[in-house]
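Some notes on the structure that comes next.
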Amino acid sequence: MRAVGETYVHGYHEREQERLLDQAATLVDLLHSHTHYPAGSRVLEAGCGVGAQTITLARQSPQAHFTSIDIAAESLAEARRRVSEAGLTNVELQRADLFALPYPAQSFDHVFVCFVLEHLREPVEALRALQSMLAPGGTITVIEGDHGSAYFHPDSEAAHAAIDSLIKLQRVAGGDALIGRRVYPLMVEAGISDVSVSPRMVYVDASRPALVEGFIKKTFTAMVESVREEAISAGLVEAGTFDSGIRDLYRTAEPNGVFCYTFFKGTGRRQAR
């Protein structure tokens, strides 16, 4: 989700929708283990996008009710299609701005936000807005990546330059592609209690073919590759360097390649009064 006037650097084209779905399918166990909500729970999913995480959440907690919101109408249309296709009846999709939520305070028992804060200029304010939606004692789950955590073999200066151009581009747009390392201090600054953060590392080598295809190729490298024209036009990287870097990232998917990346999953709660 973005607030009005903020930019989603990866765009809303069909290939980006596919990438988000590939990412969600590949990382289900890594990111969503232990994310279950009790029967009757009211859960707000902020920034649902095309529903990539929504399907997993709703299936894992079939007796909870999810209100999944996003600011982008085109993303919501795809999310509605996917939720309907999956036959899910415990999801309500609504268009809403995270910074102007159309719900009374304390309307939800739980909040879930994944890959959203990295795109926002004011992540702490976003967390405060979301916490205000929680009933006392309600929980919040925050998941973010950190592009600075990517390392691989064979190593490549060009690959690092391509990744760095995405990090810089996101910074220019008002976001932070390194936000994973900030999840704990951001949640604490927002006034969330009992904050606990666990790193979730993706480690990929040739013995894990599903991750080679699903994460190295279809998730991470596809994400970097998607900003090629914008990064080059902004003067953040030379075209030859970027293209060489993408080739080298794909090279890590070959039999002797290795790729590592870390996500950060934070949980906390609103203090009971």
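Being touching a residue at least 24 places away in the same chain (Cβ under 8 Å) and either open to solvent by 30 Å² or more (accessible area, probe 1.4 Å) or closer than 17 Å to Gly235 by Cβ (or both) holds for only one residue in Val172, Val142, and it is Val172.
Contact annotation: residue pairs with Cβ atoms under 9 Å, 6 or more positions apart or on different chains, pairing a residue in the stretch 85-96 that is free of Cβ contacts under 8 Å to residues at least 60 places away in the same chain with a partner that is open to solvent by 50 Å² or more (accessible area, probe 1.4 Å) and in a strand (DSSP E or B), are Asn90/His65; Val91/His65; Glu92/His65.
Restricting attention to the stretch 217-231, which residues are open to solvent by less than 10 Å² (accessible area, probe 1.4 Å) and over 16 Å from the mean Cα position of the chain (by Cα)? I'd like the intermediate steps shown before the answer.
Filtering the stretch 217-231 down to residues open to solvent by less than 10 Å² (accessible area, probe 1.4 Å) leaves 219-221, 224, 227, 231.
Residues satisfying the conditions are Val227, Ala231.
Quickly run through the stretch 53-78 and pick out the residues that are surrounded by 24 or more Cβ atoms within 10 Å (Cβ to Cβ) and among the small types (Gly, Ala, Ser).
Matches in the stretch 53-78: Ser68, Ser75.
When Phe242, Phe259 are checked against the criterion of being closer than 19 Å to Ala177 by Cβ, assigned to a helix (DSSP H, G or I), open to solvent by less than 40 Å² (accessible area, probe 1.4 Å) and in contact (Cβ under 8 Å) with a residue 40 or more places away in the chain, Phe242 stands alone in meeting it.
Regarding His119, is this residue open to solvent by less than 20 Å² (accessible area, probe 1.4 Å), closer than 30 Å to Thr241 by Cβ and in contact with an Asp or Glu (Cβ under 8 Å, 6 or more places away or on another chain)? It would help to see each step written out before you state the result.
Numbers: open to solvent by less than 20 Å² (accessible area, probe 1.4 Å): yes; closer than 30 Å to Thr241 by Cβ: yes; in contact with an Asp or Glu (Cβ under 8 Å, 6 or more places away or on another chain): yes.
Yes: the conditions hold for His119.
Just to be sure, is Ser165 open to solvent by less than 20 Å² (accessible area, probe 1.4 Å) and touching a Phe, Trp or Tyr at 6+ places or on another chain (Cβ under 9 Å)? Outline the logic, then answer.
Values: open to solvent by less than 20 Å² (accessible area, probe 1.4 Å): yes; touching a Phe, Trp or Tyr at 6+ places or on another chain (Cβ under 9 Å): yes.
Judged against the criteria, Ser165 is a match.
If only residues of the stretch 81-97 that are within 20 Å of Val28 (Cα to Cα) and among the charged types (D, E, K, R) are counted, the one that is surrounded by the fewest Cβ atoms within 10 Å (Cβ to Cβ) is Glu85. The residues of the stretch 186-215 that are in a helix (DSSP H, G or I) and either modelled with pLDDT under 95 or out of contact with any helix residue (DSSP H, G or I) (no Cβ under 9 Å at 6 or more places or on another chain) (or both), listed by number, are Val188, Pro209, Ala210, Leu211, Val212, Glu213, Gly214, Phe215.
The values are calculated or read from the model by the stated rules, or taken from the named source; none is laboratory data. Quick caveat: nothing in here was measured; it's all calculated off a predicted structure. Please note: Cβ atoms are built from the backbone with ideal geometry, for glycine as well, and neighbour counts cover all protein chains shown. These accessible areas exclude ligands, DNA and RNA; they are computed on the full protein's heavy atoms, side chains included. Shrake-Rupley method; radii C 1.70, N 1.55, O 1.52, S 1.80 Å.
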